[in-house]
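To start, the structure itself, in structure tokens.
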Amino acid sequence: MGKMSASILTALVMLVGVFAQTALAGGIDNKQNWSARYLATGSRNAATDGVDIAAYNPAGMMFQEDGIGLGLDVHYIWKDYEQKYTDLAAGPVTRDQDEPSIIPGLFATYKSGVWGVFGSITNNGGGGMVKYESGNAITNTIAANFFPAPLTNQKIEAESMYITYTVGGSYRFNEMFSMAAGIRYMDATKDVEAYSDVNTPIGALPLYGAYEEEADGWGWIASLNVKPRNDLLLAFRYESEVDLEFETTLDGNNTALGNVVLAGLGKTPNAKYDRNLPAVLGLGVSWDTNDRLNLNTSFTYYFEEDADWDGDESNVDNSYDIAVSATYSFLDNLRGSIGYMYTDVGMDAKDYGLTEKMSPVLDAHSFFCGLGYDFNPMITVDLGLMVNFYDDETAQADARNPVPVNYEKQNTALALGFAFRF
């Protein structure tokens, strides 16, 4: 039995590692969309239902019934990104990408009396898998800064993920107060690959450059719930900053020109830089207006200004999300949800680095809806839909950007979640 459990856990960890490519709701680096119930509501900071509160509100599990809860949630995300600018070779262009992504989340809770334990495996950061088959603003900037002639056959792709393992314990003091605390380990990776042809008097020369950056670090999480009345709950969650020092490894297949360009961008073998994942404060209120209707609101704040980004933190303001949702139980085992969230991301397009130029961070209005069905007391299925409408933004030409670039995007995500209780 022990060997089988270890094998199942290993397989699930590998699943998250392979498919956790992107996340869409959150700050500049921090992301929050991990479960189907999140996509169904947009507001989980004060939730006390579901196994996913192991990540969103672990103190809230102490208001659930005793037992074991296991959850597996999978998102499928359609991503439509566009960049409009004047290409040095082709003139005014629109470069886009529509690479989809798949994100699993794993959750577990165990409660017995006034004690409980929780755990989760989630993707807490990163810009995701993106592919620009005809190049983008980055390859256009490389052409302007490194070569006297325009580049042709431009292609660039990138992937980033911050796999996060969290485990901790919860305790209920009385009918009104509960708390939880835990530790987390984060394994972050970024991969970038670019190609183009360089036109020279002796013909076209291939330019290929690829690199990987890796970092890991430790952090902690604390959660507190206050329930002044049976129908009202106040929730507080704090996630500490995670120190991440990324180290660069170059691809052995890079061309000589590719390595020259990467060196000009500061990407050399074993180069290091700090890009800590910022701390997060989550606040929430849950109100059961009657036996059927629950109203929920969440406020999530990201401390980017305090994070160590090797000085780049001076170019940003702290980001935040604010969300409201309503969940109605049509039957004892069938519920529906709707929600809305506004995201203010504290970064201007003129300050985008390589990561943001691949996957731009923009203010957004997000809408959520979903259904949940309990087959029996042991098995629950949830379906969630999230649509993000982002405000477009233009980076004007300056020393870092040879031409103005307009960034636009829209995302749609569908999630399916399975929860098992014993």
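So in the range 324-355, with the set limited to residues that are without any contact (Cβ under 8 Å) to a residue 40 or more places away in the chain and within 30 Å of Val192 (Cβ to Cβ), which one is surrounded by the fewest Cβ atoms within 10 Å (Cβ to Cβ)?
Out of the qualifying residues, it is Asp351.
Out of the residues in the range 360-371 meeting the condition of being touching a Lys or Arg at 6+ places or on another chain (Cβ under 8 Å) and not in a strand (DSSP E or B), tell me which one is surrounded by the most Cβ atoms within 10 Å (Cβ to Cβ).
Pro360
Name every residue in the range 99-154 that is closer than 30 Å to Asp398 by Cβ and either polar (S, T, N, Q) or free of Cβ contacts under 8 Å to residues at least 24 places away in the same chain (or both), in order of residue number.
Correct list: Ser134, Asn136, Thr139, Asn140, Thr141, Asn145, Pro148, Thr152, Asn153, Gln154.
Quick check on my filter: what residues within the range 352-397 are hydroxyl-bearing (Ser, Thr, Tyr) and closer than 30 Å to Arg421 by Cα?
Tyr373, Thr380
Taking strands (runs of 3 or more DSSP E) that do not extend beyond the range 100-163, which have at least 1 residues that are touching a helix residue (DSSP H, G or I) at 6+ places or on another chain (Cβ under 6 Å) and farther than 30 Å from Phe420 by Cβ?
130-132
How many residues, within the range 169-208, are modelled with pLDDT of 95 or more and farther than 30 Å from Ala256 by Cβ?
Residues flagged as modelled with pLDDT of 95 or more and farther than 30 Å from Ala256 by Cβ within the range 169-208 amount to 18.
Could you run through the range 190-209 and say how many residues are touching a residue at least 40 places away in the same chain (Cβ under 8 Å) and under 23 Å from the mean Cα position of the chain (by Cα)?
Selection size over the range 190-209: 3.
Ser43 is checked against (1) assigned to a strand (DSSP E or B); (2) modelled with pLDDT of 95 or more and fails just one. What number does that condition carry?
All conditions pass for Ser43, except number (1).
Collect the residues in the range 292-304 that are outside any loop (DSSP other than H, G, I, E, B), of a type outside the set (Gly, Ala, Ser) and in contact (Cβ under 8 Å) with a residue 40 or more places away in the chain, keeping them in residue-number order.
Listed by number, the residues that qualify are Asn296, Thr297, Phe299, Thr300, Tyr302, Glu304.
If the requirement is being assigned to a loop (DSSP other than H, G, I, E, B) and either touching a residue at least 40 places away in the same chain (Cβ under 8 Å) or of a type in the set (Asp, Glu) (or both), which of these qualifies: Asp321, Asp382, Asp398, Asp374?
Asp398
At pLDDT below 95 and over 29 Å from Val242 (Cα atoms): does that describe Glu159?
The answer is no for Glu159.
As an exercise: evaluate Met161 against (1) free of Cβ contacts under 8 Å to residues at least 60 places away in the same chain; (2) touching a Gly at 6+ places or on another chain (Cβ under 6 Å); (3) farther than 26 Å from Met61 by Cβ and give the number of the one condition it does not meet.
It fails just one condition, (1).
Give just the number: which of (1) at pLDDT below 95; (2) closer than 26 Å to Glu393 by Cβ; (3) surrounded by 17 or more Cβ atoms within 10 Å (Cβ to Cβ); (4) not charged (D, E, K, R) does Leu262 not satisfy?
(2)
I'd like to check which strands (runs of 3 or more DSSP E) are fully inside the range 206-283 and have at least 2 residues that are farther than 21 Å from Glu356 by Cα, in contact with a strand residue (DSSP E or B) (Cβ under 6 Å, 6 or more places away or on another chain) and among the charged types (D, E, K, R).
Counting at least 2 such residues, we get 232-239.
The values are calculated or read from the model by the stated rules, or taken from the named source; none is laboratory data. Note that the coordinates shown come from a computational prediction; the quantities given were computed from them, not determined experimentally. Glycine also receives a Cβ, built like all others from the backbone with ideal geometry; neighbour counts cover every protein chain displayed.
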